[in-house]
Amino acid sequence: MARLIASLWTIGVLVFAIAQVAAQEAGERDPTRPQLPTPSAQERQARLPNLSLGLIRKSAAGSVAIINEQTYGIGDVVSGWTIRNIEVDRVLLERNNEVVVLSVFSGLIRQVEQDDS
């Protein structure tokens, strides 16, 4: 009898798990999970600057970056973004407590979460 109860319990758990997976695949969401606003890809891209990093030159006199065919240094403002740091392979830009990175190697801009502490 105990084996039968254990088998029925196991089958019930498996059926429940399969139903959960099927609901997720069907696009249904857990009603107890809070819905967080998710920006669309277009909204995320609209927030990012349309900048092209050409090259970075580091020297004893200071670092400069060629962005959109113009020369900039640390503290300069490019399309509303302030250059916070120029590293060997990337430039960190900041605006409204948001930081983005221009990378020499990927040529892409990727968003970096900033610590508010």
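The values are calculated or read from the model by the stated rules, or taken from the named source; none is laboratory data. All of these numbers come straight from a predicted model, not from anything done at the bench. A quick note on method: Cβ atoms are made from the backbone with ideal geometry, for glycine too, and the neighbour counts reach across all protein chains shown.
What the table shows:
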{"item": "Filter result (of a type in the set (Gly, Ala, Ser), touching a residue at least 12 places away in the same chain (Cβ under 8 Å) and outside any strand (DSSP E or B)) within the range 71-102", "result": "Ser79, Gly80"}
{"item": "Matching option when the condition is of a type in the set (Gly, Ala, Ser), on the phi < 0 side of the Ramachandran plot and either more than 19 Å from the chain's Cα centre (by Cα) or at pLDDT 85 or above (or both), among Ala60, Ala46, Ala41", "result": "Ala60"}
{"item": "Some residue of the range 63-76 being modelled with pLDDT under 90, small (Gly, Ala, Ser) and closer than 13 Å to Val101 by Cα", "result": "no"}
